[in-house]
1. Out of the residues in the range 151-179 meeting the condition of being β-branched (V, I, T) and more than 21 Å from I141 (Cβ to Cβ), tell me which one is surrounded by the fewest Cβ atoms within 10 Å (Cβ to Cβ).
2. Conditions first: (1) at pLDDT 85 or above; (2) on the phi < 0 side of the Ramachandran plot; (3) in a strand (DSSP E or B). G162 passes all but one, so which condition is the exception?
3. Identify, by number, the condition in (1) out of contact with any Ser or Thr (no Cβ under 7 Å at 6 or more places or on another chain); (2) among the aliphatic types (A, V, I, L, M); (3) more than 30 Å from L202 (Cβ to Cβ); (4) surrounded by 15 or more Cβ atoms within 10 Å (Cβ to Cβ) that L131 doesn't meet.
4. Quick one: is F43 within 30 Å of P177 (Cβ to Cβ), out of contact with any strand residue (DSSP E or B) (no Cβ under 9 Å at 6 or more places or on another chain) and at pLDDT 90 or above?
5. Working carefully through the options L5, L112, L61, L83, find the one that is exposed (fewer than 13 other Cβ atoms within 10 Å of the Cβ) and either in contact with a Pro (Cβ under 8 Å, 6 or more places away or on another chain) or modelled with pLDDT under 55 (or both).
6. Looking for something closer than 23 Å to G140 by Cβ and in a helix (DSSP H, G or I) - is there at least one such residue anywhere in the range 221-236?
7. Identify the single condition in (1) assigned to a helix (DSSP H, G or I); (2) of a type outside the set (K, R); (3) touching a residue at least 24 places away in the same chain (Cβ under 8 Å) that I174 does not satisfy, given that it satisfies every other one.
8. Which of the following residues is modelled with pLDDT under 95 and assigned to a loop (DSSP other than H, G, I, E, B): L255, L206?
Amino acid sequence: MKNLLKILFSFIIIFIYAIIAISSAKKTYKTVNKPATFKVSNFEFSHPPQAKTGSANIKILLIEPHFNEKFKYSENLIFNEFLKSFSGDLNELLTSKGYIVRGPFENFENALYSDKIESDLLLNAQIDFNLNDQNINWSGIQVLSGGKKKNAVYSTQYKIYGFFLLSGKVSLYISEPITKEKIWVKNVQLKPKKVPVTSNLLYKNLREYSSAFESDPNFANPFLISMEEYYKEILNITWANLDPNELNTLKKYTLEIRENKKY
């Protein structure tokens, strides 16, 4: 009987140690890579202290900023949001410098004649971006597109990796508000930026990036970072070049043009 109790007691001790050993063992966790998500754009500009409203004594007819017509990615979300934010901040920038602003109007034709005749100067801002993809590589992969076994049909799709060279130019145009005759032009080159990308998705068409901008965060997010940097640079350029002292000297040309055209 005593031997039986000793054996039973030994089993209990072993069982307790086993429980302690199991509970004290380190837990292991499997790391799961979360799919990439699109970054939220943050196009912001903090302008210097605001001048008194109307202190510049210049009324500006403002047309919404636009991209060069040859830039084919203007409707993609990143660039579209960039332009909308720029339009709002440009309006605020002009007001902060003491200008009185009419607009911004989507285009010149949308402005009323009274807006044109009562304005001293017409302002257009154009941004030219260029995407150089000479350093982009296309890795081909055979993908089943139909059929089975001997009747299987494959197509080549591609992954993208490498870097773009993004560059551009800001152009500011001051014109007479009725005739649109140019009075003053400023062209400022932007510093080129390397934009490294590695696509997560496959693409059918070589050298076509519209779908990548819209569907692939690994492609779009690096561009957004560069565009946010460009945004501040472009607003600083605009702030520096639209000086009221200089623009005040241009008002006389508006009067001369109107006198010659009999407006």
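The values are calculated or read from the model by the stated rules, or taken from the named source; none is laboratory data. Note that the coordinates shown come from a computational prediction; the quantities given were computed from them, not determined experimentally. As a convention, Cβ positions derive from the backbone with ideal geometry for all residues, glycine included, and neighbour counts pool all protein chains shown.
1. If we take residues in the range 151-179 being β-branched (V, I, T) and more than 21 Å from I141 (Cβ to Cβ), then T179 is surrounded by the fewest Cβ atoms within 10 Å (Cβ to Cβ).
2. Tallying (1) at pLDDT 85 or above; (2) on the phi < 0 side of the Ramachandran plot; (3) in a strand (DSSP E or B), G162 fails exactly one: (2).
3. (3)
4. For F43, the condition - within 30 Å of P177 (Cβ to Cβ), out of contact with any strand residue (DSSP E or B) (no Cβ under 9 Å at 6 or more places or on another chain) and at pLDDT 90 or above - is met.
5. L5
6. yes
7. (1)
8. Details: L255 fails: assigned to a loop (DSSP other than H, G, I, E, B).
Sole residue among the options that is modelled with pLDDT under 95 and assigned to a loop (DSSP other than H, G, I, E, B): L206.
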